[in-house]
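Student: Input: one structure, supplied below.
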Amino acid sequence: MSALLLPGVVVVGTRVGLPVLAMATLRLSSSSSSSFFAYQQQKVGLTAAQRPPSSFPSPSPPLVVCSIPDRHHLPSSPSSGEASSGRISLGFCTRQSSGFCTRQQSWNRKLAVVAAAASVVEVGGGGSSSTISREEVVREDDPTNNVPDTVFGKIGLQLHNRENHPLGILKNAIYSYFDETFPGVFHKVDNLLPIVSVKANFDDVLTPPDHVSRSYNDTYYVSADTVLRCHTSAHQAELLRQGLTHFLVTGDVYRRDAIDATHYPVFHQMEGLRLFTQQEWEAAGMDGTALAAQELKKTLEGLARHLFGDVQMRWVDTYFPFTDPSYELEIFFQGKWMEVLGCGVTQQQILCNNGCAGTTAWAFGLGLERLAMVLFDIPDIRLFWSNDSRFTSQFKSGQLGTKFKSFSKYPPCYKDISFWISEEFSENNLCEIVRGIAGDLVEEVVLIDEFTNPKKGKTSHCYRIAYRSMERSLTDEEINALQAEVRQQVESKLKITLR
Ligand code: FA5
Ligand code: MG
């Protein structure tokens with residue numbers, strides 16, 4: 001592998017040798033979701049409580065990818081909280097030969113309306129005005145649905161498509177790199193519907209039936225066979241079937257997760273994929289996989305230098321169901337190694353299944369928030385969602401790396417909650433309840449104490465919840481009310497016993 005690396009790049013040992021079960025445990029206790037897809041599920045297995053609401057693989061509705069042609073009509077900073085009052089159109093459609101279809105566009109237009117929420121936006125919809133209520137995406141009484149209002153409120157906001165937002169600025173900087181390095185070659189897609197079939201999200205990218213990422217604990221299910229995409233890889237197969245050979249797909253992705261400064265249930269990824277023909281690898285005097293791996297590393301090291309300047313990087317071997325070999329790229333920034341993307345050589349089966357037999361490909365998926373937090377010095381992932389002009393006014397289109405000047409000096413307030421857990425207890429469920437009550441006022445939920453009473457055979461957890469607004473002071477009264485509601489809901493919904 002070192003022969004493929006450019007000067008200045010450090011190579012480290014493989015992570016594949018780590019005990020996989022230990023990694024899975026780590027995820028629950030340390031909130032490290034960056035390796036969501038990097039589990040070799042066959043060694044982990046899902047508990048009954050983690051399993052999705054129905055058996056899989058499940059049949060998928062005929063969802064296809066489409067664009068929102070007039071998304072620029074969106075308001076520049078809609079309020080996230082308002083969205084839950086919006087109504088959106090849900091229309092599954094038959095695919096046209098181009099792969100794009102009008103009913104799907106109608107879906108997307110209505111998603112834009114959700115983004116606009118109370119203030120309805122004109123999005124060119126013509127005569128198509130079918131609607132869907134929030135209840136079709138958030139159905140508390142439906143056991144196959146686990147989407148909360150807080151998450152529904154983020155659908156359609158498309159932070160990555162706002163030109164003056166750090167995520168939009170970063171997306172455009174990545175586009176510039178690809179345009180300069182491969183002029184006119186990469187097709188860019190950044191407005192695909194985030195509601196995808198289970199088939200697209202998991203089956204099409206060969207995620208094993210019992211892989212932990214499919215669990216109800218980790219993924220938002222709209223129904224038994226429809227999810228909020230948990231990665232942009234959900235679009236690989238569809239775009240390959242449309243005949244695209246070089247593409248970048250950016251979008252919001254959704255994961256049930258812990259709460260801290262770098263984890264949010266909605267974040268943004270950019271997927272890249274490039275095909276190689278037999279002619280190309282023969283001309284290079286290499287086999288197809290070796291050429292794809294070499295080009296992948298060269299391209300991504302170039303991207304990291306384009307964004308960060310001269311940085312130290314290292315490749316770490318990893319596992320993804322959809323690539324082999326698979327790698328993560330880490331960059332050394334401000335004294336720490338930070339994983340910024342996962343990537344690899346696409347599994348032949350994905351190419352063959354989607355009309356690309358006889359080719360090889362590289363693919364990557366990178367986290368935009370992770371990169372933007374470093375590039376813009378943004379200390380808390382919640383800030384990306386802020387409509388406070390003290391945040392939004394600091395960033396301008398084309399200005400990559402403007403350093404964010406913090407305006408929040410408001411102190412955090414800590415509240416502890418202790419309870420005896422039951423077998424079904426999961427930290428993600430706790431976090432979802434806290435987020436549902438306190439919204440973006442919750443900064444962190446951390447397990448601070450854990451012990452088992454050997455006589456009773458019961459385990460107690462104590463979590464410390466940090467409440468803090470990025471924008472204003474919170475009153476004691478307000479926090480006490482939130483905490484009382486948290487205690488009440490945790491007790492009634494999680495089958496735990498408060499201590
Ligand atoms: C994936 O999502 C794969 N689909 C990536 C991929 C694509 C691999 C194509 C191979 C080929 P992973 O779960 O590691 O992998 O997430 C990819 C990146 O998203 C991470 O490197 C990280 O930068 C970002 N990311 C993951 N989880 C979070 C999170 N909770 N918050 C912010 N960023 C995250
Ligand atoms: Mg990862």
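The values are calculated or read from the model by the stated rules, or taken from the named source; none is laboratory data. Here the structure is a predicted model, which means the values were calculated and not measured. A quick note on method: Cβ atoms are made from the backbone with ideal geometry, for glycine too, and the neighbour counts reach across all protein chains shown. Surface areas here come from the heavy atoms of the whole protein model, side chains and all, with no ligands, DNA or RNA. Shrake-Rupley method; radii C 1.70, N 1.55, O 1.52, S 1.80 Å.
Student: Take the eigenvalues of the Cα gyration tensor for the stretch 388-449, scale each by 5, and report the square roots as semi-axes in whole Å, largest first. Write down the numbers at each step before the final one.
Tutor: Working: eigenvalues 241, 40, 22 Å².
Each semi-axis is the square root of five times an eigenvalue, giving 35, 14, 11 Å.
Student: Please calculate how many Å² of accessible area the stretch 208-274 carries per residue, with a 1.4 Å probe and no DNA, RNA or ligand atoms counted.
Tutor: Values: 1080 Å² over 67 residues.
With all protein chains present, the stretch 208-274 gives 16 Å² per residue.
Student: Provide, as a two-decimal number, the C-alpha radius of gyration of the stretch 298-360 over 2.2 N^0.38 Å, N being how many residues it has. Before the final figure, lay out the partial values.
Tutor: Numbers: Rg = 14.3 Å, N = 63, 2.2 N^0.38 = 10.6 Å.
Normalised by 2.2 N^0.38 Å, the Cα Rg of the stretch 298-360 equals 1.35.
Student: Moving to a separate point now. If you plug each phi of the stretch 212-225 into the Karplus form 6.51 cos²θ - 1.76 cosθ + 1.60 with θ = phi - 60°, what whole-Hz ³J(HN,Hα) values come out, in order, with x for Gly and Pro?
Tutor: With coefficients 6.51, -1.76 and 1.60, one gets 4, 5, 7, 5, 4, 6, 10, 10, 8, 9, 7, 8, 4, 10 Hz.
Student: When the solvent-accessible surface of protein heavy atoms is calculated with a 1.4 angstrom probe, in what order do Thr402, Thr219 fall, highest first?
Tutor: Details: Thr402 40, Thr219 0 Å².
Largest accessible area first, the list is Thr402, Thr219.
Student: Related question: Looking at the calculated P(r) for the stretch 347-424, what percent of the C-alpha pair distances fall above 15 Å?
Tutor: Values: 2176 of 3003 pairs.
Considering the stretch 347-424, 72 percent of its Cα-Cα pairs are separated by more than 15 Å.
Student: Can you pull the accessible area of Lys403 for me, 1.4 Å probe, Å² to the nearest 10?
Tutor: Estimated to the nearest 10 Å², Lys403 gives 100 Å².
Student: OK, next. If you wrap a convex hull around the Cα atoms of the stretch 251-400, how much volume per residue is inside, in Å³?
Tutor: Values: hull volume 22.1 nm³, N = 150.
About 147 Å³ per residue, rounded to a whole number.
Student: Report the local net charge at Thr497: Lys and Arg +1, Asp and Glu -1, summed over other residues whose C-beta lies under 9 Å from its C-beta. Before the final figure, lay out the partial values.
Tutor: Values: positive: Lys458, Lys495, Arg499; negative: Glu491.
My count for the surroundings of Thr497 gives +2.
Student: At 1.002 mPa s and 20 °C, plugging the Kirkwood radius over alpha-carbon pairs of the stretch 384-499 into Stokes-Einstein gives what diffusion coefficient in µm²/s? If you can, show how the numbers build up before the last one.
Tutor: On the way: Rh = 16.2 Å.
It diffuses with D of about 132 µm²/s by this estimate.
Student: What's the carbon and sulfur percent of the stretch 339-416's accessible surface, probe 1.4 angstrom, rounded to a whole number?
Tutor: Numbers: 1600 of 3000 Å².
Of all accessible area on the stretch 339-416, carbon and sulfur atoms account for 53 percent.
Student: Assigning unit charges at the beta carbon (Lys, Arg +1; Asp, Glu -1) and nothing else, what dipole magnitude in debye, to the nearest 20, does the stretch 355-499 show about its Cα centre? Walk me through the intermediate numbers first.
Tutor: Numbers: 19 positive and 20 negative charges, 39 e Å.
Dipole magnitude for the stretch 355-499 comes out near 180 debye.
Student: List the extent of the Cα atoms of the stretch 151-199 along each of their three principal axes, largest first, rounded to whole Å.
Tutor: Principal extents (largest minus smallest coordinate, Cα): 37, 30, 10 Å.
Student: Kindly write out, for the stretch 489-499 in residue order, the coupling ³J(HN,Hα) from the Karplus curve 6.51 cos²θ - 1.76 cosθ + 1.60 (θ = phi - 60°), rounded to whole Hz, with x marking Gly and Pro.
Tutor: Each residue of the stretch 489-499 in turn: 6, 4, 5, 7, 9, 9, 6, 10, 10, 5, 9 Hz.
Student: Shifting gears a bit: Any idea of the accessible area per residue across the stretch 391-499, 1.4 Å probe, to the nearest Å²? Could the numbers behind the result be given before it?
Tutor: Working: 5880 Å² over 109 residues.
Accessible surface, normalised per residue, equals 54 Å².
Student: To continue, here is another question. Decide, for the stretch 203-315, between rounded, prolate and oblate: order the square roots of the alpha carbon gyration tensor eigenvalues as a ≥ b ≥ c, take rounded if a/c falls under 1.5, and otherwise choose prolate if a/b is larger than b/c, else oblate. Before the final figure, lay out the partial values.
Tutor: Numbers: a/c = 2.40, a/b = 1.44, b/c = 1.66.
It is oblate, given that a/c is not under 1.5 and a/b is not larger than b/c.
Student: Amide H of Leu341 versus every other amide H placed in the peptide plane: which residues, excluding those fewer than 5 positions away on the same chain, fall under 5 Å?
Tutor: Leu329
Student: Assign unit charges at the C-beta atoms only (+1 for Lys and Arg, -1 for Asp and Glu), then state the dipole size of the stretch 295-405 relative to its Cα centre in Debye, rounded to the nearest 20. Mind showing how you got there, number by number?
Tutor: Numbers: 11 positive and 12 negative charges, 90 e Å.
For this selection, approximately 440 debye.
Student: When ranked by the protection proxy of mean other Cβ atoms within 10 Å per residue, highest first, what sequence do the peptides 143-154, 338-349 form?
Tutor: Highest-to-lowest ranking by the protection proxy: 338-349, 143-154.
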